[in-house]
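The values are calculated or read from the model by the stated rules, or taken from the named source; none is laboratory data. All values reported here derive from a predicted model rather than from experimental measurement. In this analysis, Cβ positions are derived from the backbone assuming ideal geometry, glycine residues included, and neighbour counts consider all displayed protein chains.
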There are 2 protein chains.
Amino acid sequence: MSASGSAAPAPLAVDAFSSGCPPRALLNTVGDKWVILVVNLLGDGGARFSEIQRAVGGVSRKMLVQTLRTLERDGLAVRTVYADAPPRVTYSLTPLGQTLLRPLQAVRTWCEDHVTEVSSAQAVYDARPEYTGSAATG
Amino acid sequence: MSASGSAAPAPLAVDAFSSGCPPRALLNTVGDKWVILVVNLLGDGGARFSEIQRAVGGVSRKMLVQTLRTLERDGLAVRTVYADAPPRVTYSLTPLGQTLLRPLQAVRTWCEDHVTEVSSAQAVYDARPEYTGSAATG
DNA sequence: CCGTATCCGCGAGGATACTG
DNA sequence: CAGTATCCTCGCGGATACGG
């Protein structure tokens, strides 16, 4: 409730998140796991909600709705509702969303292309002795 | 776990391209907000821990350590410790990390390039009436 | 200066039930 | 089929203190 008047020190939360040049919020949205997958999927053309859910696999309805809402709100995807029974809703990329498709495809491709190398590196790292006995000379 | 061929029910492994094929964990790592920022930063050359922390801005020591550990473990960055006082540690991209630089730069560039359009779209969406009164006549 | 360990709040996100 | 609302858990991530 409104504890008015108390000299709450207001711990100077000076919006430290926007300190850097690049848009953090957008970066966070664009880098989101489901966003990358869904945008890549929609790159092949429009798809129904259930189709997307099935294609992505492992995504809950809640998360998919949230992801698609974000994409729609950001002007990256359009939502089309058909007044038909049973209800049919399709999603597709906007021109703006298609400009994002290329970068995200590159990221997805990189992951598929280098997952083996990364796994190997992880195995090597995991096999390391945990005692920090080696210091770089020099 | 190597029960091959057994009549395990295995409710049809969702054959979609996203469920099992693409590396979700790697996608999640690569898409991480701090990872994108740090990799982009290291693309300009090696940097000290404190330099990275200052350059990124708003990242806690804990998160930065965690991010750099992940990059090191995945073979994307190398950590160099100088046995000097005061301690000096530098991080730089590996050749593998440099191959990731291009895609992540593209993502970062896209964000900077389209943040205005996205903000506009958000404003438009935010101004919408919340009652869904428009159904597509399809 | 670099890194670890501990505590803890908060919100992401799954499961479920219900509406249109 | 598509979407919402509710509950509840779990771990992300900040704050702090300490070690090397």
- Go through (1) surrounded by fewer than 18 Cβ atoms within 10 Å (Cβ to Cβ); (2) at positive phi; (3) not hydroxyl-bearing (Ser, Thr, Tyr) one by one and return the number of the condition B:GLU112 breaks. (2)
- Message: Could you go through the range B:40-61 and let me know if any residue there is under 23 Å from A:VAL35 (Cα atoms) and away from DNA strand C (no atom under 12 Å from the Cβ).
- Response: yes
- Tell me, please, whether a residue that is closer than 20 Å to A:SER120 by Cβ, more than 10 Å from DNA strand D (Cβ to nearest atom), of a type outside the set (Val, Ile, Thr) and not in a helix (DSSP H, G or I) can be found in the range B:54-75. yes
- Name every residue in the range B:76-89 that is outside any strand (DSSP E or B) and of a type outside the set (D, E, K, R), in order of residue number. B:LEU76, B:ALA83, B:ALA85, B:PRO86, B:PRO87
- Examine the range A:71-79 for a residue that is of a type in the set (D, E, K, R), facing another protein chain (nearest Cβ under 7 Å) and in contact with a Gly (Cβ under 8 Å, 6 or more places away or on another chain), and state whether such a residue exists. no
- State whether one or more residues within the range A:81-94 are buried (at least 19 other Cβ atoms within 10 Å of the Cβ), facing chain B (nearest Cβ under 10 Å) and farther than 30 Å from B:VAL78 by Cβ. yes
- Note on the structure: Scanning the range A:80-104 residue by residue, those more than 16 Å from DNA strand D (Cβ to nearest atom) and out of contact with any Gly (no Cβ under 7 Å at 6 or more places or on another chain) turn out to be A:PRO95, A:GLY97, A:GLN98, A:THR99, A:LEU100, A:ARG102, A:PRO103, A:LEU104
- Message: Tell me yes or no: at least one residue of the range A:12-29 is within 15 Å of DNA strand C (Cβ to nearest atom), in contact with a Phe, Trp or Tyr (Cβ under 8 Å, 6 or more places away or on another chain) and at pLDDT 95 or above.
- Response: no
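Please verify whether A:LEU100 is at pLDDT 95 or above, part of a helix (DSSP H, G or I), surrounded by 14 or more Cβ atoms within 10 Å (Cβ to Cβ) and touching a His at 6+ places or on another chain (Cβ under 7 Å), treating the condition exactly as stated.
no
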- Item | the range B:51-80 - residue that is touching a strand residue (DSSP E or B) at 6+ places or on another chain (Cβ under 9 Å) and small (Gly, Ala, Ser) and, of those, modelled with the highest pLDDT | B:ALA77
- For the range B:22-53, the count of residues that are assigned to a helix (DSSP H, G or I), surrounded by fewer than 17 Cβ atoms within 10 Å (Cβ to Cβ) and more than 15 Å from the chain's Cα centre (by Cα) equals 2
- Message: Which numbered condition in (1) touching a helix residue (DSSP H, G or I) at 6+ places or on another chain (Cβ under 8 Å); (2) free of Cβ contacts under 8 Å to residues at least 60 places away in the same chain; (3) of a type in the set (A, V, I, L, M) is the only one that B:ALA25 fails?
- Response: (1)
- Of the residues A:LEU68, A:LEU104, A:LEU96, A:LEU64, which is hydrophobic (A, V, I, L, M, F, W, C) and closer than 12 Å to A:GLY43 by Cβ? A:LEU104
